[in-house]
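Q: Here you go, one structure.
The values are calculated or read from the model by the stated rules, or taken from the named source; none is laboratory data. Worth saying up front: this structure is predicted, and the values here are computed from it rather than measured. Counting neighbours? That spans all protein chains shown, and the Cβs are built from the backbone with ideal geometry, glycine included.
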Amino acid sequence: MLAATIDAPTRTRPVLEVENLKAYYQMNYFGVSREVRAVDDVTLTINRNEIYGIAGESSSGKSTLIKTIAGAITPPLRVVSGSVKFDFGGSQLDVYARPKAMKAARWRHLSYIMQGSMNVLNPVRKVRHAFDDFAFRHMGLSPAQFRSRVEGHLKRLGLDPRVLESYPHQLSGGMRQRLTIALATVCEPEFIIADEPTTALDVLVQQDVLALIKDVQQRLGSSVVFVTHDMTVHAAIADRIGIVYAGRLVEEGPTDDAFARPQHPYTAHLISSLPRLGDVSRRKALPGKPPNLSDPPSGCRFHPRCPLAIDRCKVENPPLVSRATGRVACWRAGEVEVA
Amino acid sequence: MFKILRDLLRYNVEFLIGFVLTAGIFLFALAHFFAPYPDTAIYLLPPDMPPSPEYWLGTTSRGQDVLWQMSSAIWNTMTFGLTVTVLSRLLAVTVGMVSGYLGGKWDEALMTVNDTLIALPNIPILLLVYFVMRDQMNWPVLALTAALLGWNHDARLIRSVVLSLRHREFTRHAVFAGMSVPQILIRQHLPYVMPVVFFTAMNNLIWAIGLEVTLSVLGFSDINRPTIGGMIYWANQHQAIIAGIWWWIAFPIIAIVILFLGLFLLAISVNEYIDPRSRLSRMGG
């Protein structure tokens with residue numbers, strides 16, 4: 001139905017284009033102003049019908065990046081420059097130029113599975129009310145039609161429609177997580193942001209939830225931005241992967257290539273830290289910690305921790321340049337080997 | 001609604017007792033519509049008659065039947081208390097939620113008013129209002145004044161609850177999904193705040209009735225309108241205790257104690273109904 005309304009050229013256009021996005025936390029407490037550059041000059045595009053993984057360690061700015069993309073920012077976080085443009089069914093939407101239109105598109109076209117999404121359901125209200133509150137307004141259906149749509153959607157996701165009549169505390173963690181995915185996908189959005197949806201779950205439930213997200217994504221043909229620090233999850237689900245370090249995108253490419261032939265030393269390190277079957281050698285930890293984003297190092301932000309760092313890295317920031325299959329920001333790209 | 005009431009009566013002993021006591025007092029108060037004598041008439045009956053088959057609770061020194069006087073008195077006192085409670089709850093919920101959710105300048109302005117009112121002593125203000133109003137003083141004016149003095153502590157309490165709800169995931173989700181501020185407050189946060197509202201309503205009702213009794217006992221209200229405090233006022237004026245007319249004072253006090261007890265039990269059991277976790281554990285799903 002949706003495909004019929006989209007003409008040929010727009011169908012191939014990427015669903016999201018982010019250009020030179022800079023979003024800083026600007027704080028001024030007791031006369032001391034601080035600026036935390038959590039998203040610094042990020043450019044990326046996300047195509048229709050793909051799962052894009054965003055990886056990086058804690059406090060690297062992953063969550064801030066996607067919050068900024070979703071237009072869900074509150075002070076002190078501010079967009080300093082750059083643009084975020086969505087393309088839903090042929091209609092262009094600039095998140096920061098036209099915030100009103102963006103507000104109407106949320107949930108209908110762009111939905112969000114939040115970090116700690118186990119607590120997304122209001123503990124004192126039945127699950128049914130969450131669907132009524134979040135999705136009903138966007139669907140334009142009569143209450144009876146809406147109800148049957150929700151029940152059908154839950155059944156397809158392997159949930160008993162009777163959960164609608166229960167309270168969140170009566171459900172298991174895995175069921176709650178499935179429900180939040182159902183809640184985020186009931187409007188059949190073109191773009192879904194998943195912020196660490198599997199972090200609080202054990203591996204079995206995690207596998208289940210990942211399969212569910214992949215399944216929903218394929219059925220709806222939507223694009224998913226999947227954020228997690230867990231590289232194994234990215235290997236399992238993402239079509240393309242972007243590595244974020246200290247607020248910058250340092251490498252991007254198809255997941256298989258990035259895992260097989262990482263170009264950036266940081267990516268190589270993330271991958272080599274994964275346990276491998278039959279390999280009993282001790283994993284080396286990367287010394288140091290992610291830089292303080294209010295006072296980042298000069299040049300390449302990774303250079304204090306980088307085993308390949310040269311003098312040039314300390315003064316000049318490497319640009320994100322296109323390579324055969326992806327993009328990488330490193331002066332010595334491709335020289336690294338996976339341990 | 002009927003099903004909720006049935007379940008509460010079946011599974012909750014506190015509710016059952018509270019319901020019976022409050023309903024009993026309420027029915028007794030309702031009976032004043034069928035009273036054989038007008039409730040403001042005096043010297044209709046022989047004064048100072050002890051309880052007897054003819055006058056069940058005796059008569060007062062003013063020649064009134066204690067039974068029918070009390071029926072009117074409870075009705076009027078309850079009306080006053082409920083009016084104060086409803087008005088002050090509306091104020092407390094509105095101010096508390098708006099201030100807690102919006103924060104910033106709204107919070108500052110509303111809480112300044114709130115804290116100023118907390119610092120003001122209630123009884124002297126009510127007395128001042130009484131002396132200014134004099135003959136125009138009637139119970140709705142008194143109720144309004146009391147309501148304006150009775151919301152501030154609870155507004156702070158509700159504000160603190162909403163302050164914590166504002167940063168929960170479900171609020172962020174609701175904002176993201178495009179719910180407006182009034183929708184979030186009414187649909188997402190109000191159910192959470194309701195137990196606080198109920199419990200403070202109980203305290204407020206007791207406070208309001210107590211305030212009415214205090215003012216009436218001192219004679220600072222419309223003394224011709226029968227209320228529980230008014231009955232005690234007249235009993236004191238006629239030195240009922242010294243004269244041994246104990247029934248004039250004892251029965252109103254017993255009635256008000258039963259009413260307080262019933263309301264208190266109702267409040268704690270209704271609270272349990274509103275919190276789904278404790279309700280389901282008691283009723284088994």
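Q: Output the qualifying pairs, or none if there are none: Cβ atoms under 9 angstrom, residues six or more apart or on different chains, first residue in segment A:18-35 and touching a residue at least 24 places away in the same chain (Cβ under 8 Å), second residue exposed (fewer than 13 other Cβ atoms within 10 Å of the Cβ) and in a strand (DSSP E or B).
A: Every condition considered, the pairs that remain are A:20/A:81; A:21/A:81; A:22/A:81; A:26/A:33; A:27/A:33; A:34/A:28.
Q: Quick check: anything in segment A:72-88 charged (D, E, K, R), within 12 Å of chain B (Cβ to nearest Cβ), touching a residue at least 40 places away in the same chain (Cβ under 8 Å) and over 19 Å from residue B:167 (Cβ atoms)?
A: Scanning segment A:72-88 turns up no residue that is charged (D, E, K, R), within 12 Å of chain B (Cβ to nearest Cβ), touching a residue at least 40 places away in the same chain (Cβ under 8 Å) and over 19 Å from residue B:167 (Cβ atoms).
Q: Here is a list of conditions, (1) under 24 Å from residue B:166 (Cβ atoms); (2) small (Gly, Ala, Ser); (3) in contact with a strand residue (DSSP E or B) (Cβ under 6 Å, 6 or more places away or on another chain), and residue A:135 meets all of them except one; can you say which number that is?
A: All conditions pass for residue A:135, except number (3).
Q: I've got another one for you. Which one of the conditions (1) touching an Asp or Glu at 6+ places or on another chain (Cβ under 9 Å); (2) under 23 Å from residue B:186 (Cα atoms); (3) in a helix (DSSP H, G or I) does residue A:180 fail to meet, given that it meets all the rest?
A: For residue A:180, the failing item is (1).
Q: Here is a follow-up. Filtering segment B:139-190 down to residues that are of a type in the set (Ser, Thr, Tyr) and away from every other protein chain (no Cβ under 12 Å), which residue is surrounded by the most Cβ atoms within 10 Å (Cβ to Cβ)?
A: Here the residue is B:145.
Q: Identify, from the list A:172, A:223, A:166, the residue that is farther than 22 Å from residue A:125 by Cα and either within 13 Å of another protein chain (Cβ to nearest Cβ) or among the hydroxyl-bearing types (Ser, Thr, Tyr) (or both).
A: None of the other options fit; the residue is A:223.
Q: Here's a check for you: in segment A:30-63, which residue that is of a type in the set (Lys, Arg) and crowded, with 20+ Cβ neighbours inside 10 Å is nearest to residue A:274 (Cα to Cα)?
A: Filtering first and then ranking leaves A:62.
Q: Regarding residue A:234, is this residue under 19 Å from residue A:53 (Cβ atoms), out of contact with any His (no Cβ under 8 Å at 6 or more places or on another chain) and surrounded by 21 or more Cβ atoms within 10 Å (Cβ to Cβ)?
A: Yes.
Q: Further question: May I ask you to say which residue of A:286, A:249, A:270, A:274 is touching a residue at least 40 places away in the same chain (Cβ under 8 Å) and part of a loop (DSSP other than H, G, I, E, B)?
A: After ruling out the rest, the residue left standing is A:274.
Q: Still on this structure, please answer the following. For residues that are within 26 Å of the chain's Cα centre (by Cα) and under 25 Å from residue A:323 (Cα atoms), tally how many sit in segment A:275-311.
A: Selection size over segment A:275-311: 6.
Here's the yes/no breakdown for (1) in the same structural domain as residue A:188 (by TED's automatic domain parsing); (2) touching a helix residue (DSSP H, G or I) at 6+ places or on another chain (Cβ under 6 Å); (3) in contact (Cβ under 8 Å) with a residue 40 or more places away in the chain:
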{"position": "A:205", "(1), (2), (3)": "yes, yes, no"}
{"position": "A:211", "(1), (2), (3)": "yes, no, no"}
{"position": "A:245", "(1), (2), (3)": "no, yes, yes"}
{"position": "A:260", "(1), (2), (3)": "no, no, no"}
{"position": "A:293", "(1), (2), (3)": "no, no, yes"}
{"position": "A:296", "(1), (2), (3)": "no, no, yes"}
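Q: Looking at (1) in contact (Cβ under 8 Å) with a residue 40 or more places away in the chain; (2) in the same structural domain as residue A:85 (by TED's automatic domain parsing), which is the one condition that is false for residue A:264?
A: The failed condition is (2).
Q: Across segment A:92-128, which residue is farthest from the other protein chains (Cβ to nearest Cβ) among those that are out of contact with any strand residue (DSSP E or B) (no Cβ under 8 Å at 6 or more places or on another chain) and surrounded by fewer than 17 Cβ atoms within 10 Å (Cβ to Cβ)?
A: A:98
Q: Follow-up question, since we're still on this one. Which of the following residues is more than 13 Å from every other protein chain (Cβ to nearest Cβ), touching a residue at least 40 places away in the same chain (Cβ under 8 Å) and either among the polar types (S, T, N, Q) or under 20 Å from residue B:165 (Cβ atoms) (or both): A:199, A:180?
A: A:199
Q: Filter segment A:85-100 down to residues that are at pLDDT below 80 and over 14 Å from residue A:223 (Cβ atoms), then give me how many there are. Explain how you work it out, then say what you get.
A: Taking segment A:85-100 and keeping what is at pLDDT below 80, we get A:89-91, A:97-100.
Next cut, over 14 Å from residue A:223 (Cβ atoms) only: A:90-91, A:97-100.
Total satisfying the criteria: 6.
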